[in-house]
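Structure, as structure tokens:
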Amino acid sequence: MAIISEQSKKSNNIGWNGKTLKQMLEESDRKFQETGRYQGIEELKLKKQDPIRYERIFSRLRGGLVNARETALNISASPIVKEIGELSFALYTPEGDSVALSTGIIVHVHTMSDAIKYMIRNDWEVNPGIRPGDVFGNNDSFIGDVHNADVHTLVPIFYDGELIGWAGGVTHEIDVGASTPGSMAYGQTSRYEDGLIVSCEKIGENDELYKSYELRAKKAVRAQMYWLLDEKTRLAGCQMVRDAGLRLIEEEGIDTYKQFIGEVIEDGRLTFRDRVKEMLVPGVYEAPSFIDVPFEGEIKLPSYAAKNQLMHAPMKLHIGKNGEFKVDLDGANKWGYHSFNCPPSAMQGALWVQLTQTLIPNDKINDGAYFATECNLPLGSWSNPGNETLSTTLSWLFLIPSFTGMIRSLGR
């Protein structure tokens, strides 16, 4: 019997300066809690000393993301992707914070961030390991997503033995293999009817998808061709994002790149705060919403699901004089046995859609605005179920009416 030493089971740390990714994430969280600033950054030194270079670096990165999206758009044959444009790509820090985003479905700025941070917090660095050429997939909304029709591809980016970031891509699938056909199926009462769910799984290595994963996807969904073409679409785009980032690092230097990705997120946080102070009046704005779920008498549903229910979204928007921005759903009613439940990552996604089309439509879109906002989503409610056995394939049915209240509040 082979004997494996404890030392041989440990992978080399892939974070900066010999740290693990978990140590980097914990340090980042601690600095923000202590200072209120991303990574504790007190001054945007690169932007102040060389503003043209700073803007050029951001433009290069975002240009690479948009180029990846436009190229990948033509790889897929899926009508949802090719004709409607339901895809986007983003670049992340090693800890999983968004640096820049392409055009496309902006809802996923932070959902992919949640997925990356889940892997870090749960020691993916050790098992299954994070190595150059690895490919990870996710569509689990309780980890980081809106619903399982939105599928993530996440690719680590290494430079000189260190993980210096992640490339992420997302598309909306035409069928998810749920108990009823379609991308946003309903009629399910639990997760076990929601179709194919990939929970931050390693789905490939050496820049190729596993044949075993491709086979599982083929057997799990109805629109096999579209699912697999979209997998290749996202992987090709992520590889383009990775290559664009590495070219920039070769030209600007790794130290400059590391400094920039921290500063640009803090810049995004400061910009969002300034925008709130410029555009909004401090106060508390209330705009509750309701939507009915008229399932009483549905013969295909079990008795505990075949009932009439009412969703309550007691939307409160708190605006502070120093640019504070808080969404509060205190009082939201309980989750239900339907497919309209919304985990926190889905709620963050909806918030992003709203903010990028109202307060910050022209600024640098990244996780800076996430660090400048706060959400109160009561545990046990439809907006934060705390029960991972529930169905979430059609979270949008509750998301849309709940966030109309935020738009009304911004208008006021």
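The values are calculated or read from the model by the stated rules, or taken from the named source; none is laboratory data. A quick note: this is a predicted structure, and the numbers were derived from the prediction, not measured. We place every Cβ from the backbone using ideal geometry, glycine too, and count neighbours over all the protein chains shown. We work out accessible area using only protein heavy atoms, side chains counted, and drop any ligands, DNA or RNA first. Shrake-Rupley method; radii C 1.70, N 1.55, O 1.52, S 1.80 Å.
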Under 1.5 on a/c is rounded, so check that first for the stretch 172-303, then, if it is not, pick prolate when a/b is larger than b/c and oblate when it is not; a ≥ b ≥ c are the square roots of the alpha carbon gyration tensor eigenvalues.
oblate
Taking +1 at the Cβ of each Lys and Arg and -1 at the Cβ of each Asp and Glu, which of Gly182, Gly63, His318 sits farthest along the dipole of the chain towards its positive end, judged by Cα position relative to the Cα centre?
His318
Cross-link candidates for Lys321: which aspartates and glutamates have Cα within less than 13 Å, leaving aside residues fewer than 8 places away along the same chain?
Asp274, Glu278
For the peptides 296-302, 216-222, what is the packing order when you average, over each peptide's residues, the other Cβ atoms within 10 Å and list the highest mean first?
216-222, 296-302
Put +1 on the Cβ of every Lys and Arg and -1 on every Asp and Glu Cβ in the chain; which of Val135, Ile75, Gly411 then has its Cα farthest towards the positive end of the dipole?
Gly411
Surrounding net charge for Ile120, when Lys and Arg each add one and Asp and Glu each subtract one, Cβ distance under 10 Å:
-1
Spherically averaged projected area in nm², based on the convex hull that wraps the Cα atoms of the stretch 1-129:
12.1
Using DSSP to call loops (not H, G, I, E or B), can you name the GluC sites (Glu not before Pro) in the stretch 9-45 whose Cβ has at most 14 other Cβ atoms within 10 angstrom?
Glu42, Glu43
Convex hull of Cα atoms in the stretch 250-297, direction-averaged projection (nm²)
8.3
In the neighborhood of Thr93, defined by Cβ-to-Cβ distances under 10 Å, what is the net charge if each Lys or Arg adds +1 and each Asp or Glu adds -1?
-2
Per residue, accessible area of the stretch 162-227 with a 1.4 Å probe, heavy atoms of protein chains only, in Å², comes to 43
Along the principal axes of its C-alpha atoms, what lengths does the stretch 372-412 span, in descending order and rounded to whole Å?
38, 22, 16
Is it possible to state the helix-based mean residue ellipticity at 222 nm for the chain, with each DSSP H run of 4+ residues giving -39500 (n - 2.57), the sum divided by total residues, to the nearest 500 deg cm²/dmol? What is it?
-12500 deg cm²/dmol
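Which value, to two decimals, describes the C-alpha radius of gyration of the stretch 74-164 once divided by 2.2 N^0.38 Å?
1.12
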Under a Gaussian network model of the chain whose springs join Cα atoms within less than 10 Å, the largest fluctuation of Ser179, Ser76, Ser395 belongs to Ser179
How many percent of the alpha carbon pairs in the stretch 295-359 exceed a separation of 14 Å?
70
Note, Gly36: beta-carbon cut-off 13 Å, +1 each Lys/Arg, -1 each Asp/Glu, net -1
Using a 1.4 Å probe, how large is the accessible area of Tyr337, given in Å² and rounded to the nearest 10?
90
Using a 1.4 Å probe on the protein chains only, how many percent of the accessible area of the chain belongs to carbon and sulfur?
50
Put one equal scatterer on each alpha carbon of the stretch 137-187, apply the Debye formula with no solvent term, and list log10 I(q)/I(0) at q = 0.13, 0.23, 0.28 1/Å to two decimals.
-0.41, -0.83, -1.03
Taking the chain as a Gaussian network, where each spring joins two C-alpha atoms under 10 Å apart, which residue of Leu246, Leu394, Leu154 fluctuates the most?
Leu246
Sorted largest first, extent of the chain alpha carbons per principal axis (Å):
65, 63, 46
Given labels modelled 7 Å from the Cα in the Cβ direction, how far is it in nm from Glu278 to Asn12?
4.6
Which value, in Å² and to the nearest 10, is the accessible area of Cys375 when all protein chains are kept and the probe is 1.4 Å?
40
Whole-number Å³ per residue for the convex hull built on Cα positions in the stretch 280-412
107
How large is the Kirkwood hydrodynamic radius of the stretch 337-399, in angstrom, based on all distinct alpha carbon pairs?
12.7
How big is the stretch 124-246 in terms of Cα radius of gyration and Dmax, in angstroms?
14.7, 50
About the Cα centre, charge dipole magnitude for the chain (Lys/Arg +1, Asp/Glu -1 at Cβ), debye
320
Directionally averaged shadow of the stretch 47-123, computed from the convex hull of its alpha-carbon atoms, nm²
6.5
Please identify, among Arg191, Arg60, Arg37, the residue showing maximal mean-square fluctuation in a Gaussian network model of the chain using a 10 angstrom Cα cutoff.
Arg60
Evaluate 2.2 N^0.38 Å with N set to the residue count of the stretch 188-250, then give the Cα radius of gyration divided by it.
1.41
